[in-house]
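Single-structure report; data block below.
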There are 2 protein chains.
Amino acid sequence: MLTQEGCRERQARLWQRLPDEISWVLVGDCRHVQYFSNFRINPISFSADQKSLLLLTRDGKTILLADNFAKRSATVPYFVDQEIIIPWYTHKKSVTNRDDALCLALTEIENIWSGETGLIEPEGVSEMVAAMVAEDAAWQFAEDDEEQPTTLGTVIRSLRRAKHADEVELLRTCMRAGEAGHKRAFEVIRPGVSEFEVYLEVQRAAQETAGVPCIVYGDFRATNAGLHKAGGLPTPYRLQDGDLFILDYSVVIHGYRSDFTNTISVGTPSDKIVAQFEACRDTLHTAAEILKPGIACRDIWHAASKVLESRGFGPLAHHAGHGLGMEHPEPPILVSESIDTLIEGDVMTLEPGCYIERQGGMRFEHNYLINEHGSEQLSQHHIGLSR
Amino acid sequence: MLTQEGCRERQARLWQRLPDEISWVLVGDCRHVQYFSNFRINPISFSADQKSLLLLTRDGKTILLADNFAKRSATVPYFVDQEIIIPWYTHKKSVTNRDDALCLALTEIENIWSGETGLIEPEGVSEMVAAMVAEDAAWQFAEDDEEQPTTLGTVIRSLRRAKHADEVELLRTCMRAGEAGHKRAFEVIRPGVSEFEVYLEVQRAAQETAGVPCIVYGDFRATNAGLHKAGGLPTPYRLQDGDLFILDYSVVIHGYRSDFTNTISVGTPSDKIVAQFEACRDTLHTAAEILKPGIACRDIWHAASKVLESRGFGPLAHHAGHGLGMEHPEPPILVSESIDTLIEGDVMTLEPGCYIERQGGMRFEHNYLINEHGSEQLSQHHIGLSR
């Protein structure tokens, strides 16, 4: 749950980035409405596909625009100075197009933008909404030191890099739920159990720890000598002795997500599999040791890949990791040609993996917070082919 | 899963409704992209909050625009003639604003709309996307017999009323999963079990029957003499003897949802509770008997309310039911002032309830398909306070 203090801090950072002549902004991406107000429609609700809007003014006012059923499906508490809630459905009359409610809400606060220069988030605001404010609003602007115009959505994404204290707390909540699922996986993975049954058990354990229904997604797949790469949601396939179960999954709570991996051996692993594991584990440790503000993300990727290569398993076939938060993946991106550099406040993953034809694939992953001293490992699940 | 035949039929119905001068449309609401192509980003995936676009031309061509990670998270198969998939993330380079990918995709097919008159879905297309096609596209138009201009989003919503065969099949799949959850509820509801534990068991049973991870949402709440109205997701509250557990929930599979209710008595119900149940049950049966194309939805509401009133429990405190599909609620709306009339192809619910202070609340619900003969009851769960 984001806090009022955190929402205010994020608003202040936004206004520092925007030209002085901008006196209001209209935000429509559900992630960004939440980022500044904690208002988020629960994806596990009847309003999952609906939208809301947040109007922010430079003098510090926040106004939420939503319909009454969206409000019923949203996180509480949320932090706004005013809310325009349109009674879209009342149990008395037929319904019209639900998206009209947001336009109706806007008509109630026309005085806010009339005659003032504003900026809309063109990625998250619909054409219908934009048409209402178009005369007074831009959708691109030039930052001081840039030639290319940018958008509000791009600026907010860059703000999202450095996590605030309330965001880190929420991510820690996701981690605890993720750990519970990994612990449960060790108890249920055995020959004869299906990938889908593993998913159901992991999902349940994660939700029991979270204490609320939440989204559980990721890779729940077996690899083996015949299929050394596999990803995505579980299939009905039943595990066999010798399989490697890659459990790489996220728990999403209030829009934020953990994302960490372990690979479990079904039955006793061969010496070759153990050597493959040790290479991945050492890669993870080596990369984790160099995490600190200022390091180039491409250097982390190359350091990780080098360990795998030194064991005869390289180069690393995918990213070494990525940022965590409201999206997947998000910056920083740890790849060979990355232009990103770690900053204090980054929450990120490291996830080296190794996939060998006629043997099988595996991946191991922890999540970290970048702090002034280097990093703090946030995920605490057991990394290993067996308990 | 929607079929290619169904998608084509729906496209044909759309073109029949649009003025002849419109030669292309651009759709952005995720529900409507799916409606015409079966392409839907799985909400249980890392791309849950992302968008895609669908361009349809009057000569029958369909073009999907999406980024490569959205494609990885989408239903398969989907049915389009062409797809523009932008490699937003490649495991090689840093990422930019993901929403830019859709604009980039659009530049590859500029020849489609250039010089032709088109229509965009202003509710579902972002301002940034609309700005790219603005010179050649309208976002409102006048239907033959209407004075007020309408939008593509409103027209598509009206098409969604009468379900096609593939939509009914998908809804039946949701029903089977929903029934499994109701069956499981009878096995687990007893004093000491929490609302949240009931949710976890119902969710699991529904997903086991569906065979895939799916969204399970609704009301999982106890009522009693101290709290006669309660709704929404489960709390940690532990059931006590004398409680009434209202299980009113939806299973969402590929965007479509079932929605039916039963109320279970924790312990042996009193005579008063049984009388309350019998009134609700008879209300449901009375309303179900009059379902047929052409009946006014307000008349169904009044017929239902009248039964409750005749038993001393009226009037009905909320809608008598509503349409089912990709949204909740959607037309037809069965309320006292409804202007809707049932049509063949409607899939809908009836859900009379009764909430008595210092006694408790209950609700019972079935789902129906309106056909030429009257109706077919789609949900087959047991309605009753006990097994």
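Key figures for this structure:
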item: Rounded, prolate or oblate (a/c below 1.5 giving rounded, otherwise prolate when a/b exceeds b/c) for the protein assembly as shown by Cα gyration tensor; result: oblate
item: Shielding of B:43-53 by partner chains, average beta-carbon count, 10 Å; result: 5
item: Summed residue charge, Cβ within 14 Å of B:Gly232's Cβ, Lys/Arg positive, Asp/Glu negative; result: +2
item: Residue-wise HN-Hα coupling along the range B:303-315, computed from phi with Karplus coefficients 6.51, -1.76, 1.60 (Hz; x: Gly, Pro); result: 5, 5, 4, 5, 5, 4, 5, 5, 9, x, 10, x, x
item: The protein assembly as shown: calculated mean residue ellipticity at 222 nm from DSSP helix runs of at least 4, using -39500 (n - 2.57); result: -10000 deg cm²/dmol
item: Qualifying lysines (Cα of each under 26 Å from Cα of A:Lys51; at least 8 residues distant if same chain); result: A:Lys61, A:Lys71, A:Lys92, A:Lys93, A:Lys163, B:Lys51, B:Lys71, B:Lys163
item: For B:Phe186, inter-copy label distances in nm, listed shortest first [label point 7 Å out on the Cα-Cβ vector]; result: 4.0
item: Value of relative contact order over chain A, rounded to a whole percent, pairs C-alpha under 8 Å and six or more apart; result: 13 percent
item: Whole-Å distance, taken between Cα centres, linking the range B:33-79 and the range B:114-167; result: 18 Å
item: Distance in nm between pseudo-label sites at A:Asp20 and B:Ser310 (7 Å out along the Cβ direction from Cα); result: 7.6 nm
item: Inter-part distance where the range B:306-368 and the range A:200-242 are each reduced to a Cα centre, Å; result: 39 Å
item: Listed peptides A:313-323, B:309-319, A:338-348 by packing density, highest first (mean Cβ within 10 Å); result: A:313-323, A:338-348, B:309-319
item: Cβ-vector label at 7 Å, A:Gln140, separations to other copies in nm; result: 2.7
item: Positive dipole terminus of the protein assembly as shown, leading residue within B:Leu324, A:Thr154, B:Gly124 (C-beta point charges); result: B:Leu324
item: Inter-copy spacing of A:Ala275 label points, which lie 7 Å from Cα along Cα→Cβ, given in nm from shortest upward; result: 8.1
item: Most mobile listed residue (B:Gln50, B:Gln16, B:Gln140) in chain B, GNM with C-alpha springs under 10 Å; result: B:Gln16
item: Peptide-level mean, for B:217-224, of C-beta atoms on other protein chains within 10 Å; result: 2
item: Net charge, B:Phe260 excluded, C-beta distance under 11 Å - Lys, Arg +1, Asp, Glu -1; result: -3
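All of the numbers you see were taken from the coordinates with simple rules; none came from a lab. Just so you know, these numbers come straight off a predicted model, no measurement behind them. Positions of Cβ are generated from backbone atoms using ideal geometry, with glycine treated the same way; all protein chains shown enter the neighbour counts.
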